[in-house]
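Below: one structure, written as structure tokens.
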Amino acid sequence: MLQFKDFKKSYGSFQALSIADFKVEQGLYWLKGVNGSGKSTLLKSIAGILSFDGDIILNGSINQKKEPVLYRQLVSFAEAEPLFPEFLTGRELIRLFAEARKAEKGQEQPYIESMQMQSYVDRPIGSYSSGMNKKLSLLLAFLGHPKLILLDEPLITIDTASLEILYSWINQRRQQEGTGFILSSHQSLDDATLPKTGELLIQNHTLQNLDV
Ligand SMILES: Nc1ncnc2c1ncn2[C@@H]1O[C@H](COP(=O)(O)OP(=O)(O)OP(=O)(O)O)[C@@H](O)[C@H]1O
């Protein structure tokens, strides 16, 4: 699903991550690591938001640096603490993302309904609570048909019922489209409704795969 080649990410003179050669097979992974270990840095690098040295390759051939448009259509990302333009409504933002990802018309509607966003999706985002904002960011990550969905701290802010809905979205995409997922979390999540392939651990600036 994902391959790192001579990957290095530094902030100024501080090297945050260094991954020589590492492959992540298709599946659902929990990305773990203590505060400051580099989880968000890694996810933002995979998403194409941060610059880095080396290469990240999707599905064996799509190099983020060589085919950035195609790559970004196939990899979506929901930030841990999303910030959106406050003057747009949720639905306006959904339309923008849907167009960029070439989503079919109306794809968002079942997601809006299952997450019970109907009452506020047409209101400006500036009026949203943090949980409403988080649900919107999760929905945006599912628009179109990405091959890989990255969710940074999906468990924070949303309530337990919404978490179950999110799990059902993830399971459905995995079953129907074979979508890959990398989810970061501080908490251990051994939930039978979300069978995982493995755990990725960031330690000492590098990445390990812990088989489960
Ligand atoms: N914009 C930045 N400028 C300088 N250093 C940064 C920047 N962003 C992150 N870092 C550093 O990179 C390292 C990794 O940070 P990152 O936010 O990726 O960790 P994290 O594992 O997501 O942390 P947390 O669990 O606390 O959210 C930390 O040492 C942090 O101080």
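Only the coordinates and a few stated rules stand behind these numbers; no lab work does. Quick caveat, the model's predicted, so the values are computed rather than measured. With ideal geometry, Cβ positions are generated from the backbone for all residues, glycine too; neighbour counts draw on all protein chains shown.
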Practice item. Could you check how many percent of all C-alpha pairs in region 3-126 are farther apart than 17 Å? Key: 67 percent
Point to revise | Computed [θ] at 222 nm, deg cm²/dmol, the chain (DSSP H ≥ 4; -39,500 (n - 2.57); rounded to nearest 500) | key: -9000 deg cm²/dmol
Practice item. Return the whole-Å distance between the Cα centroid of region 35-60 and the Cα centroid of region 135-212. Key: 16 Å
Check your understanding: Net charge near residue 174, counting Lys/Arg +1 and Asp/Glu -1 over other residues with Cβ under 13 Å of its Cβ?
Key -> +2
Exercise for review: Any lysines with Cα under 24 Å of the residue 65 Cα? List them, leaving off those in the same chain fewer than 8 positions away.
Suggested key: 5, 8, 9, 23, 39, 44, 102, 147
Review point. Cβ under 11 Å from residue 7's Cβ, residue 7 left aside: what net charge do those residues give with Lys, Arg +1 and Asp, Glu -1?
Key: -1
Point to revise | Gain on full stretching of the segment that runs from residue 80 to residue 65 - 0.36 nm per residue minus C-alpha separation | key: 3.0 nm
Check your understanding: Between Rg and the Kirkwood Rh of region 2-211, both from Cα atoms, what is the Rg to Rh ratio?
Key -> 0.95
Revision key, fill the gap. In the neighbourhood of residue 53 defined by beta carbon distances under 11 Å, the net charge of the other residues (Lys, Arg +1; Asp, Glu -1) is +2
